[in-house]
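These notes concern the structure reproduced below.
Since every read-out is calculated from the coordinates, none of them should be taken as a lab result. Keep in mind that what you see is a predicted model, and the values were worked out from it rather than measured. With ideal geometry, Cβ positions are generated from the backbone for all residues, glycine too; neighbour counts draw on all protein chains shown.
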C-alpha cells in the first residue's frame, strides 16, 4: 500500500512539474464577444475542429505580436499545430458576429485560469482583406484599434472592455491578443465579424 501511494505521489509530482514547465497550466482564456473561432468550435457551431473543441482556452503562443509571436498563416492557432483548424479559412465561411461600424462594442474574455497581465490588444483586418486566405500580419491594420493596459494585474474569471470599433464595411476579422506578464506567451483569439 505504501509503495502504491508513493508511486502515485511521484506520478502527480512529475505531472505537475511537466505542466508548470510548459506553461500550459498557468493561464488560459478566450473571447466570446465577439465570439471567437475556438468558442464556435467548443460550442459545436462549427464541426471538424480537432482538439480545440475541448480546449478553447488553450490558444497560447509566443508574445510580442506583431513583431514576434506566431508566424503568418498560423496566427489564429497561436502557432500551435494541434489547433491548426483555427487557421483554416474554410473558404471564408466561418460564422460571423454582426457589428456596427464606428460604434461602441464590449469585448469579453473568459478565463479558465488567470495570470498577471501586461495588456489586451485588438487588431482588425484591412479593407479588402480576403477571408478565404489564412490570416497574416499584412492583412491587419498595423496598429491595434484598442489597447487595454492591465499593469501586471490578474484578471477576474470574466473580463469586459468597451471600445469603439473602426469604420469598416463587409466581412472582417478581429484578432484579440492577451499578453501575459510573467511568461513568454500570449493568448490569441480570432473572431469573424460582419459590419
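Going by C-beta contacts inside 10 Å, put 175, 86 in order with the fewest on the left. It would help to have the intermediate numbers written out before the result.
Values: 175 24, 86 28.
Placing the least packed residue first, the sequence is 175, 86.
Is the range 99-195 best put as rounded, prolate or oblate by its Cα gyration tensor, with a ≥ b ≥ c the root eigenvalues, rounded for a/c under 1.5, and otherwise prolate when a/b is larger than b/c, oblate when not? Numbers along the way, then the final one.
Numbers: a/c = 2.22, a/b = 1.65, b/c = 1.34.
Prolate, because a/c is 1.5 or more and a/b exceeds b/c.
Listed from fewest to most Cβ neighbours within 10 Å, the set 182, 88 follows the order 182, 88. Ratio of Rg to Rh for the chain: 1.03 [Cα atoms; Kirkwood radius as inverse mean 1/r over pairs].
How much length is gained if the chain between residue 133 and residue 62 is pulled fully straight, taking 0.36 nm per residue apart and subtracting their Cα-Cα distance, in nm to one decimal? Numbers along the way, then the final one.
Values: separation 71, 0.36 × 71 = 25.56 nm, distance 2.22 nm.
Full extension of this stretch gives 23.3 nm more.
Under the criterion of Cα pairs below 8 Å and six or more residues apart, the relative contact order for the range 47-195 equals 32 percent. A Gaussian network model of the chain, with springs between Cα atoms under 10 Å, assigns the largest mean-square fluctuation among 101, 167, 33 to 167. Stretched out straight at 0.36 nm per residue, the stretch from residue 88 to residue 194 would grow longer than its current Cα-Cα span by 36.3 nm. Nearest 10 degrees is fine. How inclined is helix 2-22 to the longest principal axis of the chain, computing both from alpha carbons? Rounded to the nearest ten degrees, it is 30.
Annotation: the residues 188, 150, sorted from fewest to most other C-beta atoms within 10 Å of their own C-beta, follow the order 150, 188. Modelled spin-label separation between residue 142 and residue 97, with each label point placed 7 Å from Cα along the Cα-to-Cβ direction: 2.8 nm.
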